Amino acid sequence: MQNAARVSVKSVPNELCADSLSDGTAPLDAAFEETVQVFDRVYQEYALTNGTYFAPIDEQEIGRLETMHGVFRVVFDGRLIFPPVRSPRRILDCGSGGGDWAVEVAEQYPESEVLGIDVSPHTMPAYSPPNAEFQIDDLNGRFTFQSNHFDVVHSQMMAGGIHSNRWRSYLRDIFRVLRPGGWAQMVEIYFNAQSDNGTLTRGKDNQVRDGEMLALTLRE
Ligand SMILES: C[S@@+](CC[C@H](N)C(=O)[O-])C[C@H]1O[C@@H](n2cnc3c(N)ncnc32)[C@H](O)[C@@H]1O
C-alpha cells in the first residue's frame, strides 16, 4: 500500500540539503510553483525564465515520462539499477520528474532511503512509499550533500536541464557524494536524428543539424 508522498522542499536554489534526507529543507519558494501557459501547454516559469529546462510540466508530460519509463524498462530488461546492488542504504535520483524510477526503486529496496530532486514541484508523484522523499532544487547549483553519502546516484534524461558548463562539476558532485564502491547511473538519449532508409540525409534536414548542434553543445 502506498502512502501520500513525503515532500520536503527547498526555498533557495543552489543549496542542496547537506545532512539526512529531511534536514536542511525549507518551505517551497513560490517562485518554483509559478506556471505559464504557452499555447495549450503548461510550463514552469522558473525553468523557462532561468533557461533551466524547456519541457512542459503538465499531465501530458507526466504521461510522456511514464511512457519513457516503460520504454527503459524494456530496453534495460527490467533492471532499475544495472549492477546487482544488494542493499543500498541511500539512493539519489537527480531530476526525478514523475518519480517513476524513484518510486519503483523505493519499492524494490524498502530498507533504503530514496531522495528525488527536481526543479519542478508539478510533476512529482502524488503517492509514494514511505522510504521515498522528494525535494525541489536546481541541480545546476553545486551539491552540498556530505561526501560518501549515497550508494547509488541516478541521473536520467537530464541533458536538457544541466547547463553545458555545469556538466563537469555535476559529474564531480555526483562522484563526491557517492561512497567508495557506489554506483553512478547516467542515461541520456542520443539526439542525432537518423533514418535507416536514406530519406533523412546529412545536412538535408534542419532536424539533423539541430540534433548535431545540440550534441556539440553538450560535449563542450
Ligand atoms: C526528461 S525529464 C526526466 C525525468 C526522469 N529522470 C525520468 O527519467 O523520467 C527531466 C527532469 O529533470 C528536471 N530538471 C531539468 N533540469 C533540472 C535542474 N537543473 N535541476 C533539477 N531538475 C531539473 C525536469 O523538471 C524534469 O522533471
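Every read-out reported here was derived from the displayed coordinates using simple, explicitly stated rules and does not represent laboratory data. For clarity, every value in this text was computed on a predicted model and none was experimentally measured. All Cβ positions, even for glycine, are placed from backbone atoms using ideal geometry, and neighbour counts span all protein chains on display.
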Nonlocal amide H pairs with residue 156, under 5 Å, H built at 1.01 Å: 94, 187
Under-5 Å amide H pairs with residue 57, H placed in peptide plane, nonlocal only: 42, 43, 44
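Report the local net charge at residue 38: Lys and Arg +1, Asp and Glu -1, summed over other residues whose C-beta lies under 14 Å from its C-beta.
-4
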From Cα pairs below 8 angstrom and at least 6 apart in sequence, can you work out the relative contact order of the stretch 80-153, rounded to a whole percent? 36 percent
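In square nanometres, what is the average projected area of the Cα convex hull of the stretch 49-173?
The Cα convex hull of the stretch 49-173, projected and averaged over all directions, gives 7.9 nm².
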Peptide ranges 32-44, 90-102, 117-129, 50-62 listed from the most packed, as the mean C-beta count within 10 angstrom indicates: 90-102, 117-129, 50-62, 32-44
Assuming 0.36 nm per residue, please report the length gained on full extension of the stretch residue 195 to residue 126 beyond their Cα-Cα distance. 20.9 nm
Along principal axes, Cα extents of the stretch 84-155, largest first, whole Å: 30, 30, 18
What are the ³J(HN,Hα) couplings of the stretch 41-51, residue after residue, when phi is run through the Karplus curve with 6.51, -1.76, 1.60 and θ = phi - 60°? Round to Hz, x for glycine and proline. 10, 10, 10, 7, 5, 4, 5, 6, 4, 8, x
